[in-house]
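One structure below.
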Amino acid sequence: MKKLYVILLAAGVTALVAQNENHDLGFTDTPILPGLPWHVHDPNRPHPPVVTPSDVPGGAPSDAIVLFDGKDLSAWEAHHSSITRAGGTGAAEWKVQDGYAEVVPGTGDIVTKEKFGDIQLHVEWASPGEATGNSQGRGNSGVILMSRFEVQVLDAYNNPTYADGQTGAIYGQWPPLANVARKPGEWQTYDIVFEAPKFAGETLESPAYITAFWNGVMIHNHKASMGPMVYRQVAHYSPMPAEDSLLLQNHNDKVRYRNIWVRRLSGYDQPEKK
Ligand code: MG
């Protein structure tokens, strides 16, 4: 009898420990979160993937796709420029030196060989050190998501232009929330979260959304794009692929780029999207 008591006591202690361990990792006796299959503090809710951050600020984390590390443009190819009517297919011909790539006038845009939809993008750029021209003619380039949605690159330091075309603008639509320009020649950063537009057949279900930080300052907060970039027109949507190349614009100004990487947005915790 005493032996049985000891066994029961041991089992009880084990169960208590197991219960305590379980509660350390969450609860299943809690309410269900609205619209989700999980309890509040659910121990069975999937955990986010482990991502190792870079050793340096702005560096590519472990799950990033590095598009330009300062050495070569092998992830890119040339693309005919709708602005300058120059360039075509083949290898990207922008100049690579000292860890950056510089626009070469007359060689066209460059596009990534890999195509992307929803991404986080980090890109660093610098306007020509010697400011020449004015308005749209000073340090013009562009970070163009899916080869359609332009976040303007321009030298905005003491250089007035129309607001919806200034640096950081979703070109022709939305000015940035602040002008965070550094001086010509200084390196600047864009950190952009892009959600691709979604179509059901020919019907637009969800527009493209852009969230962006310029030199660490928020300039767009989940802003809906009116459609692919156009000049002197109102943008509108028509069906497009779910993914397309990231494009850097050649506007014949010698803008420099470095440290370009993207992360595909996982949506691991959104069971309805699986
Ligand atoms: Mg531009």
Failed criterion for Ala86 (all others in (1) within 18 Å of Lys254 (Cβ to Cβ); (2) at pLDDT 95 or above hold):
(2)
Scope region 83-113; condition under 17 Å from Asp244 (Cα atoms), loosely packed, with under 14 Cβ neighbours inside 10 Å and in contact (Cβ under 8 Å) with a residue 24 or more places away in the chain; matching residues:
Lys113
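Results for (1) in contact with a strand residue (DSSP E or B) (Cβ under 9 Å, 6 or more places away or on another chain); (2) under 23 Å from Ile65 (Cα atoms), shown as yes or no for each residue.
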residue	(1), (2)
Phe213	yes, yes
Asn221	yes, no
Gly227	yes, no
Gln233	no, no
His236	no, no
Pro239	yes, no
Asn252	no, no
Residue satisfying condition, being among the small types (Gly, Ala, Ser), within 11 Å of the ligand (Cβ to nearest atom), part of a loop (DSSP other than H, G, I, E, B) and assigned by TED's automatic domain parsing to the domain that holds Arg232, within set Gly139, Gly133:
Gly139
Go over the candidates Pro176, Pro160 one by one and state the one that is surrounded by fewer than 20 Cβ atoms within 10 Å (Cβ to Cβ), modelled with pLDDT of 95 or more, assigned by TED's automatic domain parsing to the domain that holds Trp125 and of a type outside the set (S, T, N, Q).
Pro160
Those residues that are within 16 Å of the ligand (Cβ to nearest atom) and either free of Cβ contacts under 8 Å to residues at least 24 places away in the same chain or part of a strand (DSSP E or B) (or both), I need them from region 180-212; list them, please.
Gln188, Tyr190, Ile192, Ile210, Ala212
Determine whether region 259-269 contains at least one residue that is open to solvent by less than 40 Å² (accessible area, probe 1.4 Å) and touching a helix residue (DSSP H, G or I) at 6+ places or on another chain (Cβ under 7 Å).
yes
Test Ser238 against the stated conditions and say whether it is open to solvent by 30 Å² or more (accessible area, probe 1.4 Å), polar (S, T, N, Q) and either closer than 29 Å to Arg182 by Cα or out of contact with any Phe, Trp or Tyr (no Cβ under 7 Å at 6 or more places or on another chain) (or both).
yes
So, in region 179-208, of the ones that are farther than 16 Å from Val123 by Cα and touching a Gly at 6+ places or on another chain (Cβ under 7 Å), which residue ends up most open to solvent (accessible area, probe 1.4 Å)?
Pro184
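The values are calculated or read from the model by the stated rules, or taken from the named source; none is laboratory data. Here the structure is a predicted model, which means the values were calculated and not measured. Counting neighbours? That spans all protein chains shown, and the Cβs are built from the backbone with ideal geometry, glycine included. Note: accessible area is taken over every heavy atom of the protein model, side chains too, but ligands, DNA and RNA are not part of it. Shrake-Rupley method; radii C 1.70, N 1.55, O 1.52, S 1.80 Å.
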